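> Below you'll find the structure I mean.
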Amino acid sequence: MKGLYFQQNSTNEEITFVFQERENLPVTEDNFVKLQVKACALSQINTKLLAEMKMEKDFFPVGREIAGIVLDVGSKVSFFQPDDEVVGILPLDSEDPGLCEVIRVHEHYLVHKPEKVTWTEAAGTIRDGMRAYTALHYLSHLSPGKSVLIMDGASAFGTIAIQLAHHRGAKVISTACSLEDKQCLESLRPTIARVIDVSNGKVHVAESCLEETGGLGVDIVLDAGVRLYSKVDEPTVKLQLPHKHDIVTLLGVGGHWVTREENLQLDPPDSHCLFLKGATVSFLNDEVWNLSNVKQGKYLLRILRDVMEKLSTGVFRPQLDEPIPLYEAKVSMEVVQKNEGRKKQVVQF
């Protein structure tokens, strides 16, 4: 039985993905569940976070968004029994890779999979759904009638966030990084209030948002990263992102800015502007539930259940690429790690 792992070289820059043979798993004990994996979604590995958490290993397991069938349960497991169909997210410190036929996982990281939801849909939606819930419900308190700007809305995560915002009755504005993304966003139903095409670099995001909201600014901003400096000083990959000052400008009174820029630095004038608006800045760390206590772990389960419920009722329609077999996972992970894919990639067993 093979599993996929990654190995980081001494310079902490390049990652090598390798398949390794694994020994047969021992009898399941206590609160752990033995699971036959049916699908596993691929996501970027945050090596910097692993280093900060002192979780570096010679070989680190790959694949955490899993869906499968329960084979066996430990003596203290209370939520599941053999043959249950489940979906969940493996914790950061999991010793088992999701990209393996059989794994062990603590029951508190799993929820039941709705019958009408496919394996690939479940695995491909669970993490982006959790991130969208965290950003829009827990960090920005989304409610009907609010205006929401979702940057890079045609991404796998952006699409889920747009659908959740629509479901809650919000007015959604989104940016598109290419003509294909623009067409994708314009085809969504219900329709987006405005799609801002930033691919040519001529459109000003702040001006477009203020125009759409009658000069009031948007209530919630969910970015995909921001530029901290001038375009000359920023790397090429960030040139299409708005400057941090633009976000501050377009944010309305009492607004919430949820950022994925982990190294955000605000200048005193920008901080003063946020103070005058009574606005807040929150950081979207989708690993926060794995780094928290048991009480917050209960919130995680609630989110996962809600994501599956909305997936089963058609609220979420994920952007999934064609499923791939396990033997292609190594090459696909190399693409995902370079952030070169748009749709969610799922390995089907």
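> Please go through the range 15-34 and pick out each residue that is touching a residue at least 60 places away in the same chain (Cβ under 8 Å) and either over 26 Å from V86 (Cβ atoms) or under 23 Å from the mean Cα position of the chain (by Cα) (or both).
Within the range 15-34, I15, F17, V18 qualify.
> Now for a separate question. If you scan the range 20-43, which residues turn out to be open to solvent by 10 Å² or more (accessible area, probe 1.4 Å), in contact with a Ser or Thr (Cβ under 7 Å, 6 or more places away or on another chain) and closer than 26 Å to Q345 by Cβ?
K34
> Take R189 and tell me if it is in the same structural domain as P242 (by the TED database), within 18 Å of S140 (Cβ to Cβ) and open to solvent by 40 Å² or more (accessible area, probe 1.4 Å).
no
> Looking only at residues that are part of a loop (DSSP other than H, G, I, E, B) and modelled with pLDDT under 95 in the range 243-278, which one is surrounded by the fewest Cβ atoms within 10 Å (Cβ to Cβ)?
Just the residues of the range 243-278 that are part of a loop (DSSP other than H, G, I, E, B), to begin with: 260-267, 278.
This time we only want the ones that are modelled with pLDDT under 95, so: 260-267.
On the way: R260: 19, E261: 19, E262: 12, N263: 6, L264: 16, Q265: 9, L266: 15, D267: 12.
This residue is N263.
> Same structure, new question: Among the residues of the range 117-146, write down those that are small (G, A, S) and surrounded by fewer than 24 Cβ atoms within 10 Å (Cβ to Cβ).
Of the range 117-146, the ones small (G, A, S) are 122-124, 129, 132, 135, 140, 143, 145.
The answer is S140, S143, G145.
> Can you name every residue in the range 334-346 that is closer than 23 Å to A132 by Cα, surrounded by 12 or more Cβ atoms within 10 Å (Cβ to Cβ) and out of contact with any Gly (no Cβ under 7 Å at 6 or more places or on another chain)? Give the derivation first.
Of the residues in the range 334-346, the ones closer than 23 Å to A132 by Cα are 336-346.
Filter again for surrounded by 12 or more Cβ atoms within 10 Å (Cβ to Cβ), leaving 336-337, 341-346.
Of everything in the range 334-346, those that are closer than 23 Å to A132 by Cα, surrounded by 12 or more Cβ atoms within 10 Å (Cβ to Cβ) and out of contact with any Gly (no Cβ under 7 Å at 6 or more places or on another chain) turn out to be V336, Q337, G341, R342, K343, Q345.
> From the list E95, E52, E65, which one is within 17 Å of W119 (Cβ to Cβ) and of a type in the set (D, E)?
E65
> Just to be sure before I move on: is V307 buried (at least 17 other Cβ atoms within 10 Å of the Cβ) and touching a Cys at 6+ places or on another chain (Cβ under 8 Å) in the structure I sent?
no
> Look through E101, E180, E121 and report the one residue that is at pLDDT 95 or above and acidic (D, E).
E121
> Please go through the range 332-349 and give me each residue that is modelled with pLDDT under 90, farther than 18 Å from A122 by Cβ and touching a strand residue (DSSP E or B) at 6+ places or on another chain (Cβ under 8 Å), ordered by number.
E334, Q337
> Restricting to the range 60-78, name every residue that is open to solvent by 20 Å² or more (accessible area, probe 1.4 Å) and either small (G, A, S) or assigned to a loop (DSSP other than H, G, I, E, B) (or both).
Going through the range 60-78, the residues open to solvent by 20 Å² or more (accessible area, probe 1.4 Å) turn out to be 64, 69, 71-73, 75-78.
Selection gives R64, S75, K76, V77, S78.
> Take L136 and tell me if it is under 19 Å from the mean Cα position of the chain (by Cα), in contact (Cβ under 8 Å) with a residue 60 or more places away in the chain, part of a loop (DSSP other than H, G, I, E, B) and within 26 Å of G217 (Cα to Cα).
On the way: under 19 Å from the mean Cα position of the chain (by Cα): yes; in contact (Cβ under 8 Å) with a residue 60 or more places away in the chain: yes; part of a loop (DSSP other than H, G, I, E, B): no; within 26 Å of G217 (Cα to Cα): yes.
Criteria not met by L136.
> Starting from the range 37-53, keep only residues that are on the phi < 0 side of the Ramachandran plot, then list their pairs with residues that are part of a loop (DSSP other than H, G, I, E, B) and crowded, with 20+ Cβ neighbours inside 10 Å whose Cβ atoms are within a distance under 6 Å, requiring at least 6 positions of separation or different chains.
C40/G63; C40/G98; C40/L99; L42/Q345
> Keeping to the range 151-180, report how many residues are open to solvent by less than 20 Å² (accessible area, probe 1.4 Å) and part of a helix (DSSP H, G or I).
10
> Looking at the range 79-111 only, could you name the residues that are in a loop (DSSP other than H, G, I, E, B), open to solvent by 20 Å² or more (accessible area, probe 1.4 Å) and out of contact with any Asp or Glu (no Cβ under 7 Å at 6 or more places or on another chain)?
Q81, D83, D84, D93, E95, E101
> Within the set of pairs 6 or more residues apart or between chains, which connect a residue that is assigned to a helix (DSSP H, G or I) inside the range 299-327 to a residue that is modelled with pLDDT under 90 with Cβ atoms less than 6 Å apart?
Sorted first by the residue in the range 299-327, then by its partner, the pairs are L300/W289.
> Scanning for something part of a loop (DSSP other than H, G, I, E, B), among the aliphatic types (A, V, I, L, M) and under 23 Å from A165 (Cα atoms), does the range 194-217 turn up at least one residue?
Checked against the condition, which is being part of a loop (DSSP other than H, G, I, E, B), among the aliphatic types (A, V, I, L, M) and under 23 Å from A165 (Cα atoms), the range 194-217 yields at least one hit.
The values are calculated or read from the model by the stated rules, or taken from the named source; none is laboratory data. Nothing here was measured: the structure is a model prediction, and the numbers come from that model. Neighbour counts are summed over all protein chains in view; Cβ atoms, including those assigned to glycine, are modelled from backbone coordinates with ideal geometry. Ligands, DNA and RNA are excluded from the accessible area calculation, which covers all protein heavy atoms including side chains. Shrake-Rupley method; radii C 1.70, N 1.55, O 1.52, S 1.80 Å.
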